[in-house]
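The values are calculated or read from the model by the stated rules, or taken from the named source; none is laboratory data. Every value quoted in this text rests on a predicted model; they were computed, and no experiment measured them. With ideal geometry, Cβ positions are generated from the backbone for all residues, glycine too; neighbour counts draw on all protein chains shown.
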């Protein structure tokens, strides 16, 4: 089963499970959750899909804004 999580429908400062806290995106102003990749890039995820598979969970961003490096 695939589940769509839309963080833009949540209020800012709300905690969402393991994902983190919903904040306003500095790029577009919509609510989202900031994530950091191992290579140092940051994105604000506005919506994502998740699916439980036999060997784990697959989570893929559907709508996100890339943040420039500081």
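Scanning the stretch 26-68 for residues that are loosely packed, with under 10 Cβ neighbours inside 10 Å, in contact with a strand residue (DSSP E or B) (Cβ under 8 Å, 6 or more places away or on another chain) and assigned to a loop (DSSP other than H, G, I, E, B) yields one hit, 37.
Here the stretch 9-25 is the region considered, the condition is being outside any loop (DSSP other than H, G, I, E, B) and under 16 Å from residue 49 (Cβ atoms), and the residue that is nearest to the chain's Cα centre (by Cα) is 16.
The single condition among (1) under 14 Å from the mean Cα position of the chain (by Cα); (2) modelled with pLDDT under 90 that residue 6 does not meet is (2).
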